[in-house]
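The values are calculated or read from the model by the stated rules, or taken from the named source; none is laboratory data. Remember, it's a predicted structure, so these values are computed and weren't measured experimentally. All Cβ positions, even for glycine, are placed from backbone atoms using ideal geometry, and neighbour counts span all protein chains on display.
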Amino acid sequence: MQEAIQLLFTPTGLFLILLGTSLGVFVGAIPGLTGTMLIALVLPLTYGANPQYALTLLISIYVGAISGGMVTATLLRMPGTPASIVTTFDGYPMAQKGQPERALGLAVMASFVGGVISWGFLVLLAKPIATLSTKFGPFEYFTLVLMALVLIASIGGKSLSKSLLSGFLGILLSMPGIAAATGQSRLTFGINALNDGFKLLPVLIGLFAINQIFRDIINLKKKSQSKEIETKGLSLELADFRRQVLNMIRSSVIGTWIGLLPGIGANIGSVAAYTVAKNSSKKREKFGTGHDEGIVSAEAANNATIGGALIPLVAMGLPGSVVEAVLLGALVVHGLQPGPRLFGEHPEMVYTIMGAMLLANIAMAMIMGFSMRWLARISRIPSSYLLPVILVFCVIGSFALSNRIFDIWVMVAFGGLGFFLESNKIPLAPFVIGFVLGPIAEDNLSAGLMATNGSWLPIVTRPISIAFLALSLVMLILPRLKKKGLGFNREPLVSE
Amino acid sequence: MVSSVLICGLVGWKALNWRSGSGSLQFPNQPIQVVVPYSAGGGTDTFVRIIEKSIAANEKFTQPFVILNQPGGGSTIGGRYVMGSRPDGYRLLCNNDALIAAQLAGIANFGYEELTPVAQLGTMSLVLIVREDSPYQGLGSLLEAARENPNSVRFGADIGSPAYFYAKELEETSPGSRFNYISTGGGQKRYSHILGGHLDVGIFSVGEFVGYLSPEGTPKDQNIKAIAILTAERNPGVLEVPTAMEQGFAIENGNSYYWFAPKGTPQAAVDKLREILDAARQDPTVVAELKKLSIIPDYRVGEELDRYLQVKKESLKRFAVNPPSGLPDFPAWVVGIVLCLAALVFLKYGRNHIKTSDTDSENSKLAIIVVAILLTYVICLQLGVSYVYATIPAIFLMGINLAEWNKQKLLPIAQLSILFSLGSEFVFTVIFSVPLL
């Protein structure tokens, strides 16, 4: 541990943390550029470096990028990264109402608290989880994902049927390509480039960035009439902090928990925390109109997913999200195998990862505080300068992922699809969730069924699996009982 | 002012680059791209990076290897990309037996015959792994169980992957035996499934095995054990693991790495590439690194290589790939549900909810113009127009349309388009060393 602390506090260590966090914040603030991409691009540069320094830099970028997305999400309603989609729900309306400083102040505070709380969980849980993890088999994973899907089914617009349609459309569009279970390609219609299906990044850039840019162009005149958003930096009051303590802790715990689940990233963590915050708030109707609790829950949770997702990565060598997959690659490249053995053989690596995460959170809060004015200028650049540049960034971002022009076309097509769906008031969040979780559910169910020669029985005979299943049923039925018995109306989560 | 200086600087960089690029006539006079059809950090990627480092450090070779990761589609995405590339020797593919397996399993409709084999360099030794407390402590008991109770032994191998074929070869050594093949994904997942008792056995490279092995004294249900190594002789890195031959089963196989160029690459370029690879494999640091990963540094070129590939393919060809039975047709289910929900939504909201009144028709026209420019831009990139020359007019046209041809903005937008295009190319190619289009 001492070695890790000494290394992090050398000038090089501190410089790397500052550099990584600033880079992450900046790139996270630009829609169409994500932390995943930046980390993937920086990774080759670290091959020659000391692995501890390399991991320090990469984790700092990760923390910065997840936080940086809040700036454009709040000021432009353009999530800089998928992680900050939910921040747009309340951050943007609050900024529109003339309180951008408060919106960003709340977001930075929540991000910092979320980061630190999840860091605590990382330190406490990583080792015990390493031993526990092996008990989970395919059926457990399947029911776990099912539970997450049910939880998510409550998000979306006013109409359950539209949310479900969107979710299943997402699952359907995640299916083309080579099926993991059979090794055969399906739904590719003879297009070879589709053998790997649609990749998440171009799909997300299309659905959110491209769709949003064209929406902005159509509303160009209207926007110029509305009040120009300026921010002088951050503003934060002690009263706000006190009021939000409970919400921050709860959202951070949810974010950490969601981060722990495989394949589910920061965007879903913030959606879940937002849903819970809304359902347990006394001012439900204010959510979506620029409510402080909404911003805090989303930002606390998305930063908390980092610590959560690092737990399975460090403990089992399983990536909890797309970024984690790149980080796993970084460890392996440096000859380090995450998992129980890492604790015994390279404890300094484990402590470096943990320490870098804590310091990067501190650096993030500082950088946000000092440079918000400057970062916020991104939103004051005239759209005739900004939008073409963002469009080109979207193109590069989709391309650079795996150097294929095909991915650019995918991005354009999903931009059109997103525009069509939103124009018909079909929410996009369930789509993304279906797209991410569908394959995980299918792969695990297939692996389970292959092991049992087609029998579904273990789902209800294995204790962990039946517990998850029961929980999902409760979550599915409970809101309906409430609705019927107590006369609650179904509340839209996403304001339209 | 600042922007003009920056533009001058970037134009200078571009011009310099252009001149130095055409300086020498001899191959290679520009960096050589190596396409790795897997993500960064995987086994093949790690291997290629060891070679790449050695080439970069070697003063004899002026041009470096640049690695391009193109994962997905069971390595067919990257493979197809190289297959369709210009055959000038500047783009190579590095892949392993997966290329052959993918073709035999019907995942790819092309094979190594559609490429020019440059060299085979390095072979991973393979081991069979069980949980330490497994009832199968040797090949004998494993195959006996598979013979007496076909489909009862759960074998972790993705259908159509090289491991699947190696397992089939193993089945063949003991007639009548059958494994139950389970696709679980990459090595990590297979490893945790074995530890959790969800798989009985799996095939790993020796490098993976050494990486996953927990220190002695770990409880037996939390550690793994190699019951056989599929090489002719024991591996000095894991001397305690007996070979399959010793246990009386005639199977010997390894997963080799191959380097390919597109079909039609001139022989001179292929020879030069061989020279570079040959030098790299003899580099002491490469030898040491490969030893750490338990990769045998074997090397084949020319006829010997052709024969090697042919034998490999023939030996795997014997086995039919049986897709698993008993799985529901997931896509059909999802399509059905989507159609039902779409019908429901249409019936419920179908007629009255598309309102066009709130969109400004003039701005819609603007949006359509920008979409048209964007599409033209992507088509240009698709047709091979270089990044900078496509991006400058694209940004300029989109910007000037959005500014409604405001004359005052003409110059700043022109500056921006040049600055951004050159700047982003600089950042990506020089700082991140990612080739842009």
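Odds and ends about this structure:
- Residue within region B:385-393 that is surrounded by fewer than 19 Cβ atoms within 10 Å (Cβ to Cβ), at pLDDT 90 or above and facing chain A (nearest Cβ under 8 Å) present: no
- Here residue B:424 clears all of (1) in a helix (DSSP H, G or I); (2) at pLDDT below 90; (3) under 30 Å from residue A:439 (Cα atoms); (4) small (Gly, Ala, Ser) except the condition numbered (3).
- Residue list for region A:439-456, filter: facing chain B (nearest Cβ under 8 Å) and part of a helix (DSSP H, G or I): A:442, A:443, A:446, A:447, A:449, A:450, A:451
- Residue match in region A:234-253 (condition: in contact with a Phe, Trp or Tyr (Cβ under 7 Å, 6 or more places away or on another chain), at pLDDT 85 or above and not aromatic (Phe, Trp, Tyr)): no
- In the condition set (1) under 15 Å from residue B:129 (Cα atoms); (2) part of a helix (DSSP H, G or I); (3) within 14 Å of chain A (Cβ to nearest Cβ), residue B:166 is compliant with all but (3).
- Flag for residue A:396 being part of a helix (DSSP H, G or I) and more than 10 Å from chain B (Cβ to nearest Cβ): no
- Strands (runs of 3 or more DSSP E) wholly inside region B:7-117 containing at least 1 residues that are outside the structural domain of residue B:185 (by TED's automatic domain parsing) and within 26 Å of residue B:318 (Cβ to Cβ): B:91-95
Listed here are the residues, each with its yes/no results for (1) closer than 22 Å to residue A:449 by Cα; (2) touching a Gly at 6+ places or on another chain (Cβ under 7 Å).
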| position | (1), (2) |
| --- | --- |
| B:133 | no, no |
| B:136 | no, no |
| B:182 | yes, yes |
| B:210 | no, yes |
| B:216 | no, no |
| B:222 | no, no |
| B:228 | no, no |
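- Yes/no for residue B:99 being within 13 Å of another protein chain (Cβ to nearest Cβ) and within 24 Å of residue B:169 (Cα to Cα): no
- Residue match in region A:419-426 (condition: out of contact with any His (no Cβ under 8 Å at 6 or more places or on another chain), aromatic (Phe, Trp, Tyr), without any contact (Cβ under 8 Å) to a residue 24 or more places away in the chain and within 13 Å of chain B (Cβ to nearest Cβ)): yes
- Taking region A:163-186 as the range and being of a type in the set (S, T, N, Q), facing chain B (nearest Cβ under 7 Å) and part of a loop (DSSP other than H, G, I, E, B) as the test, the residues that pass are A:182, A:184.
- Filtered residue count, region A:457-474, keeping only those that are touching a helix residue (DSSP H, G or I) at 6+ places or on another chain (Cβ under 9 Å) and either within 14 Å of another protein chain (Cβ to nearest Cβ) or surrounded by 15 or more Cβ atoms within 10 Å (Cβ to Cβ) (or both): 10
- For beta carbons closer than 8 Å, sequence separation of 6+ or different chains, a first residue in region B:404-433 that is more than 11 Å from every other protein chain (Cβ to nearest Cβ) and a second that is surrounded by fewer than 18 Cβ atoms within 10 Å (Cβ to Cβ) and among the basic types (Lys, Arg), the qualifying pairs are B:422/B:14.
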